[in-house]
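**Q** For reference, the structure I am asking about is given below.
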Amino acid sequence: MQIGIFGSSFNPVHIGHLIISEQARYRLNLDKVLLVPTANPYHKQVDLLDFSHRYNMAMLISEDNEHFDISNVEENIEGNSYSFDVINELKKIYTNDDFYFIIGSDSFNKIHTWYRYEDLLKMVNLVVFKRPGYDIDGKMFDRINIIYKNLIYYDDLQLEISSTYIRKSIKNGYCPKYLLHESTIKYIKEHRLWQ
């Protein structure tokens, strides 16, 4: 199988995550996209909900699309969760599958600073979507493409949805309709998250 891997804090999961996941699935004819909520991101995030809430919201989203699935693989990784470790763990589960690792151009431009990034690139096809304000690093693009021949880049669909804005809106009493899936809004209200 061909599996898209989309890791994020999903704090909360929003429409931008869904659009990019579906676009990657459709454009690359992937069998499914695996949503992977981060458990212990090494870059500490303000207002980061407990893993269980973020996982549950992503689970509700995955039920809405037959091609989406969710993994709690990061929950079992001790200490900081690095992409290299996550992919290694997923390879134990999906032993004969091809992985398409989905990131934004902002993350791509810093990939050379990631833990064991060269080993990570040997295990995945890298799918990069351009984010507004983050032109792709051309030298890094050429270097990775020449060495690994596994880089796929899309610059025709640029989304910038701020999770910070969403959280602030919720704190101020407004769950932003259309930026969040209805199931996410319902979950946030039921559990009084960020309120």
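**Q** Looking at (1) over 20 Å from Ser62 (Cα atoms); (2) of a type in the set (Val, Ile, Thr); (3) at pLDDT below 95, can you tell me which one Ile161 breaks?
**A** The failed condition is (1).
**Q** Still on this structure, please answer the following. Given the criterion under 16 Å from the mean Cα position of the chain (by Cα) and open to solvent by 50 Å² or more (accessible area, probe 1.4 Å), identify the matching residue among Glu160, Glu182, Glu190, Glu118. Quick ask: steps written out before the conclusion?
**A** Values: Glu182 fails: under 16 Å from the mean Cα position of the chain (by Cα); Glu190 fails: under 16 Å from the mean Cα position of the chain (by Cα); Glu118 fails: under 16 Å from the mean Cα position of the chain (by Cα).
Result of the check over Glu160, Glu182, Glu190, Glu118: Glu160.
Condition check ((1) open to solvent by 30 Å² or more (accessible area, probe 1.4 Å); (2) under 29 Å from Asp155 (Cβ atoms); (3) hydroxyl-bearing (Ser, Thr, Tyr); (4) out of contact with any helix residue (DSSP H, G or I) (no Cβ under 9 Å at 6 or more places or on another chain)) across all residues:
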site: Tyr26; (1), (2), (3), (4): yes, yes, yes, yes
site: Val33; (1), (2), (3), (4): no, yes, no, no
site: Val36; (1), (2), (3), (4): no, yes, no, no
site: Ser52; (1), (2), (3), (4): yes, no, yes, no
site: Ile70; (1), (2), (3), (4): no, yes, no, no
site: Ile87; (1), (2), (3), (4): no, yes, no, no
site: Asp97; (1), (2), (3), (4): no, yes, no, no
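**Q** Any residue that is over 18 Å from Gly16 (Cβ atoms) and hydroxyl-bearing (Ser, Thr, Tyr) - is there at least one of those in the range 143-152? Show your work before the answer.
**A** If we filter the range 143-152 for residues that are over 18 Å from Gly16 (Cβ atoms), which is where we start, we get 143-152.
Cutting the leftovers down to hydroxyl-bearing (Ser, Thr, Tyr) gives us 148.
The answer is yes; a qualifying residue exists.
**Q** If you check Asp135 against the conditions, is it in contact with a strand residue (DSSP E or B) (Cβ under 7 Å, 6 or more places away or on another chain), in contact (Cβ under 8 Å) with a residue 24 or more places away in the chain and either open to solvent by 20 Å² or more (accessible area, probe 1.4 Å) or closer than 26 Å to Arg54 by Cα (or both)?
**A** Details: in contact with a strand residue (DSSP E or B) (Cβ under 7 Å, 6 or more places away or on another chain): no; in contact (Cβ under 8 Å) with a residue 24 or more places away in the chain: yes; either open to solvent by 20 Å² or more (accessible area, probe 1.4 Å) or closer than 26 Å to Arg54 by Cα (or both): yes.
Here the answer is no, as Asp135 does not meet what is asked.
**Q** Tell me the helices (runs of 4 or more DSSP H) entirely within the range 45-134 that contain at least 3 residues that are of a type outside the set (Ser, Thr, Tyr).
**A** Numbers: elements: 51-62, 83-93, 105-108, 117-123.
In the range 45-134, 51-62, 83-93, 117-123 are the helices (runs of 4 or more DSSP H) which contain 3 or more residues that are of a type outside the set (Ser, Thr, Tyr).
The values are calculated or read from the model by the stated rules, or taken from the named source; none is laboratory data. Computed from a predicted model, the values in this text were never measured in an experiment. All Cβ positions, even for glycine, are placed from backbone atoms using ideal geometry, and neighbour counts span all protein chains on display. Accessible surface is based on the protein model in full, side chains and every heavy atom, while ligands, DNA and RNA are left aside. Shrake-Rupley method; radii C 1.70, N 1.55, O 1.52, S 1.80 Å.
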